[in-house]
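The values are calculated or read from the model by the stated rules, or taken from the named source; none is laboratory data. Just so it is clear, the structure is predicted and the values come from calculations on it, not from any experiment. Virtual Cβ from ideal backbone geometry, glycine too; neighbours counted across all protein chains shown. Side chains are part of the model used for accessible areas, which takes the heavy atoms of the whole protein and leaves out ligands, DNA and RNA. Shrake-Rupley method; radii C 1.70, N 1.55, O 1.52, S 1.80 Å.
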Amino acid sequence: MKTPVSWQCSNSSKRKHRETQSSLIETIRARVMNGMSYRADRVKSDFKVPDKRFSHIKLRALIAMRDFDALETFARSKRSPIGYEVFVRQLVVVSKLVTQRSSDVRREMRCAKTSGVVCVV
C-alpha cells in the first residue's frame, strides 16, 4: 500500500495544483473545494477512509465554500453515515455567523449615517 505522500507525488504531475506534503484530510478537503468530488472519493477508497470521517470532511468543505447546491446533492445522494442532524447543526451555525456579520454591518452603516464617520463596533 502506498503512503499518502508517495501517492500524492506520483499523481502530482496530473494536477494543476500541488498537494504534496499535505495530510490526507487536507487533500480530501482541497479536492472537494476545487470541485473534484470524484477524485476525493477516489482518495477515500484508496486509503480506506471511513465513511463517517469522509462525510464530516466533505460537509465542512461544502459549507465553507457555501456551495448549498452541492451540499443538497451530497445529502440526498445516499443514506448519511453521520445522520442528518449534523447537516442541520452545521447550517444553523453558519446562519448564525452570517446573521451576526450582517447585523454588525448594519450597525456600522447606521453609525456612519449619523456621524458622517465610519464607526468600528
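What the table below lists for this structure:
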read-out	value
Single residue of segment 29-42 satisfying the filter (outside any loop (DSSP other than H, G, I, E, B), under 19 Å from K78 (Cα atoms) and not small (G, A, S)) that is most open to solvent (accessible area, probe 1.4 Å)	Y38
Filter result for D69 (among the acidic types (D, E), surrounded by fewer than 17 Cβ atoms within 10 Å (Cβ to Cβ), touching a helix residue (DSSP H, G or I) at 6+ places or on another chain (Cβ under 8 Å) and modelled with pLDDT of 80 or more)	no
Of all residues making up segment 47-59, the number that are free of Cβ contacts under 8 Å to residues at least 40 places away in the same chain and either loosely packed, with under 15 Cβ neighbours inside 10 Å or not in a helix (DSSP H, G or I) (or both)	5
Hey, S22 surrounded by 13 or more Cβ atoms within 10 Å (Cβ to Cβ), out of contact with any Phe, Trp or Tyr (no Cβ under 7 Å at 6 or more places or on another chain) and assigned to a loop (DSSP other than H, G, I, E, B) or not	yes
